[in-house]
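Below is one structure, written out as structure tokens, with a few remarks after it.
What follows is calculated from the coordinates using simple rules that are stated; it is not laboratory data. What you see is a predicted model, and the numbers here were worked out from it, not measured in a lab. Note that we place each Cβ from the backbone using ideal geometry, even for glycine, and neighbour counts take in every protein chain shown.
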Amino acid sequence: MSISVTWLGHATFLIETENHNILLDPFLDGSPTASAKAADIECDTMLISHGHEDHVADAVSIAKRTGCVVYSNFEICQWLGNKHGVENTVAMNLGGGVAASFGRIEMTLAHHSSSLPDGSYAGNPAGFLLTINNKKIYFACDTALFSEMAMIGAAGLDLAVLPIGDCFTMGPDAAFEAVKLLSPRFVIPCHYNTWPPIEQDAAAWAKRVDEEATADAKVLSPGESLVV
Ligand code: NI
Ligand code: MN
């Protein structure tokens, strides 16, 4: 069974399975590069990696309109419920996993920071490892490079999605090292070219990955999909 992964710009992704639409880190209406508007998104599941504006900007509006179930850490779920009336949440924390309607969600380490747009404490930032129909997709989300990525990769990844923007997250060199630790079948770069501080040459990065690592790098334009 195939899974379609669409980059909506920046760090926002829509993962479509036969019966489910999973939205990651919705930042659409305020994003300079988004390929969709928040009002157009249909999803039954939402994942939020951390509290920064460029990952939660449209979370409340989409969660309220769709009634989707939101998976995030405990602190962000509390904020969504207490401050915004989003009650359909599943609170998790680093290293934990839960069964979802479409498969399994594990919350993985991320070395970054996390606070919500109103200054509220947002707990620890995270990545996500999804197991869907026996396929494994890893979203590193906003993070530095860390050696435990090798253990995440040991599970056998069909796809890894990595930030390459530098400045706030891994840059191209660190992300290249991450590919070697993760050894995914496919890798998609994200979190670049949204603003000048994170401008990168994704095609050059993908060429290096294709030539010097075992993964197949796929550079998407906002709105484009990869089927895994
Ligand atoms: Ni961030
Ligand atoms: Mn970010």
Q.
I need the peptides 72-81, 161-170 ranked by packing, meaning the mean over residues of other C-beta atoms within 10 angstrom, with the highest value on top.
A. 161-170, 72-81
Q. Amide H to amide H, which residues 5 or more places from G127 or on other chains are under 5 Å from it, using H placed in the peptide plane?
A. T108, L109, A110
(Q) Only counting other Cβ atoms within 10 Å, I'd like M92, M1 sorted with the fewest neighbours first. (A) M1, M92
Q: For D216, list long-range residues whose amide hydrogen, built 1.01 Å from N in the peptide plane, is under 5 Å from its own amide hydrogen.
A: F186, V187
Q: Work out the count of Lys pairs in the chain where the Cα-Cα distance is under 28 Å, with the pair 8 or more places apart or on different chains.
A: 14
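Can you tell me how much longer the chain between D216 and D40 gets when fully stretched, taken as 0.36 nm per residue apart minus their C-alpha distance, in nm with one decimal?
Here the segment from D216 to D40 would lengthen by 60.3 nm.
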Q) If you plug each phi of the range 150-157 into the Karplus form 6.51 cos²θ - 1.76 cosθ + 1.60 with θ = phi - 60°, what whole-Hz ³J(HN,Hα) values come out, in order, with x for Gly and Pro? A) 4, 6, 5, x, 4, 5, x, 9
Q) For helix 202-212, what angle does its Cα long axis make with the longest principal axis of the chain, in degrees from 0 to 90 and rounded to 10? A) 50
Q.
Quick check on the chain: what does the Kirkwood estimate of hydrodynamic radius come out to from the alpha carbon pairs, in Å?
A. 17.1
Q | Helical contribution to [θ] at 222 nm, DSSP H n ≥ 4, -39,500 (n - 2.57), averaged over the chain, rounded to 500 | A | -6000 deg cm²/dmol
**Q.** Interatomic Cα distance distribution for the range 118-205, bins of 5 angstrom, percent
**A.** 3, 15, 25, 22, 17, 11, 5, 2
Q | ³J(HN,Hα), Karplus 6.51/-1.76/1.60, whole Hz, each residue of the range 218-228, x for Gly, Pro | A | 10, 8, 9, 8, x, x, 7, 10, 10, 9, 10
Q. Top mean-square fluctuation among A100, A122, A217, Gaussian network model of the chain, C-alpha springs under 10 Å?
A. A100
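If you filter the range 1-75 for trypsin sites (Lys or Arg not before Pro), then keep DSSP loop positions with at most 13 other Cβ within 10 Å, what is left? Numbers along the way, then the final one.
Details: sites: K37, K64, R65; in loops: K37.
Sites meeting the loop and neighbour criteria: K37.
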Q.
Once each part is reduced to its C-alpha centroid, what is the distance from the range 134-199 to the range 23-86 in angstrom?
A. 22
